[in-house]
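The values are calculated or read from the model by the stated rules, or taken from the named source; none is laboratory data. A quick note: this is a predicted structure, and the numbers were derived from the prediction, not measured. No Cβ is skipped: glycine too gets one built from the backbone with ideal geometry, and neighbour counts run over all protein chains shown. Ligands, DNA and RNA are excluded from the accessible area calculation, which covers all protein heavy atoms including side chains. Shrake-Rupley method; radii C 1.70, N 1.55, O 1.52, S 1.80 Å.
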Amino acid sequence: MSYLDNVRVFVRVVELGTLSAAGRDQRVTPAVASNRIKELERHLGVRLFNRTTRKLSPTEHGRVFYEKAVKIIEAVNEAEAAIADLSRNPKGSLRITAPLGIGRRLIASGIPEFHDKYPDIEVRVRLSDHNVDILAEGVDVAFKLGVLEDSNLRMRGILNCERVLCASPAYLAHRGVPPGADALIADKHDCLLLRYPGSKEYFWTLMTAEGPRKFEVAGPYDSDDGDVLTQWALEDRGIINKPLFEVKAYLKEGRLVEILKESPPAPVQLAAIYPHKRFQDPKVRLMIDFMAERCQRLIGKLLEEEPVAAVS
């Protein structure tokens with residue numbers, strides 16, 4: 001087995017915590033991953049992990065080796081990227097992630113076309129509305145609707161996305177149309193929220209006459225899948241806070257109705273987020289350029305406008 005492959009598996013076991021997760025990440029079976037760790041331990045003459053039934057945690061030797069091994073892997077990746085850039089033949093693997101909704105509609109649907117253009121780039125896509133730890137999980141590019149919060153990451157803005165509050169006509173007929181933003185709380189409207197461990201959507205920020213205000217809205221149930229919230233709203237179950245491009249068709253059809261136009265939600269930015277060093281890799285630049293153009297074009301069509309200009 002390649003010593004470098006053994007080191008790669010070791011690094012991912014430390015970062016992901018289990019042989020099975022590291023094996024999936026490296027596209028090998030847990031048995032192969034286990035053998036690579038054992039071979040590395042034999043070569044080094046030390047035990048690298050404390051083993052329990054559920055998780056592997058690095059020993060003191062393992063922690064020391066990890067700190068140096070990460071730098072080795074980064075150096076090799078940078079060297080390969082430099083050669084690919086010079087040869088104009090980018091190759092290797094890319095790990096990307098995106099929220100479920102835009103991931104399905106805008107990102108994952110474009111991967112076959114991207115691969116047709118760059119057949120030597122292998123793309124691994126993970127779609128999740130949960131917060132993904134980009135550094136810990138080895139993600140090359142994360143497409144997100146939100147703001148950059150980690151100073152260890154960089155962001156390239158793609159679009160500023162208008163958001164709207166909306167509900168079905170039947171819900172509004174039954175519960176009444178909120179006359180103002182404060183009525184969302186005072187009248188105990190059913191607000192459908194995106195929630196998951198670490199989620200920050202326990203309030204909505206609305207642009208009122210007094211400026212941005214946080215409203216701690218509530219509802220009888222929530223979900224970690226944004227598309228589920230839209231479906232519930234279509235089934236007359238409550239009010240949703242969504243990017244306009246995601247619900248524009250339902251608004252045109254009359255299946256959803258926009259409310260509180262005078263106090264709209266704060267807009268959100270669609271952006272590509274990546275670790276500082278990754279943008280030196282031509283694969284990362286190609287993916288971001290490709291998806292930025294694609295998202296601007298497709299969202300422009302959804303909004304029935306000209307392609308939207310990029311933001312800096």
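One line per residue, one yes/no per condition, for (1) in contact (Cβ under 8 Å) with a residue 24 or more places away in the chain; (2) more than 19 Å from F290 (Cα to Cα):
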| position | (1), (2) |
| --- | --- |
| R24 | no, yes |
| P30 | no, yes |
| L48 | yes, yes |
| P58 | yes, yes |
| V64 | no, yes |
| R95 | yes, no |
| P99 | yes, no |
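Of L16, L4, which residue is assigned by the TED database to the domain that holds L56 and over 26 Å from the mean Cα position of the chain (by Cα)? Lay out the reasoning, then the answer.
On the way: L16 fails: over 26 Å from the mean Cα position of the chain (by Cα).
Just one listed residue meets the conditions, L4.
Which one of these is hydrophobic (A, V, I, L, M, F, W, C), surrounded by fewer than 15 Cβ atoms within 10 Å (Cβ to Cβ) and closer than 30 Å to Y66 by Cβ: A249, A136?
A136
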Given (1) surrounded by fewer than 14 Cβ atoms within 10 Å (Cβ to Cβ); (2) at pLDDT 90 or above; (3) outside any helix (DSSP H, G or I); (4) hydrophobic (A, V, I, L, M, F, W, C), V147 misses just (2)
Looking at G62, G101, G110, G92, which is the one that is closer than 30 Å to D227 by Cα, surrounded by 12 or more Cβ atoms within 10 Å (Cβ to Cβ) and at pLDDT below 90? G101
Residue check, K283 more than 17 Å from the chain's Cα centre (by Cα), in the same structural domain as L94 (by the TED database) and among the charged types (D, E, K, R): yes
It is to be established whether one or more residues within the range 232-240 are crowded, with 19+ Cβ neighbours inside 10 Å, part of a loop (DSSP other than H, G, I, E, B) and assigned by the TED database to the domain that holds I111. no
Report, ordered by the first and then the second residue, all pairs with beta carbons closer than 8 Å, sequence separation of six or more or different chains, a first member in the range 10-22 that is more than 13 Å from L48 (Cα to Cα) and open to solvent by 10 Å² or more (accessible area, probe 1.4 Å), and a second member that is aromatic (F, W, Y) and part of a helix (DSSP H, G or I). none
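Within the range 160-173, can one find any residue that is part of a loop (DSSP other than H, G, I, E, B), at pLDDT 95 or above and open to solvent by 40 Å² or more (accessible area, probe 1.4 Å)?
There is no residue in the range 160-173 that is part of a loop (DSSP other than H, G, I, E, B), at pLDDT 95 or above and open to solvent by 40 Å² or more (accessible area, probe 1.4 Å).
Does R42 meet the test of being in contact (Cβ under 8 Å) with a residue 12 or more places away in the chain and open to solvent by 40 Å² or more (accessible area, probe 1.4 Å)?
Working: in contact (Cβ under 8 Å) with a residue 12 or more places away in the chain: no; open to solvent by 40 Å² or more (accessible area, probe 1.4 Å): yes.
No: the conditions fail for R42.
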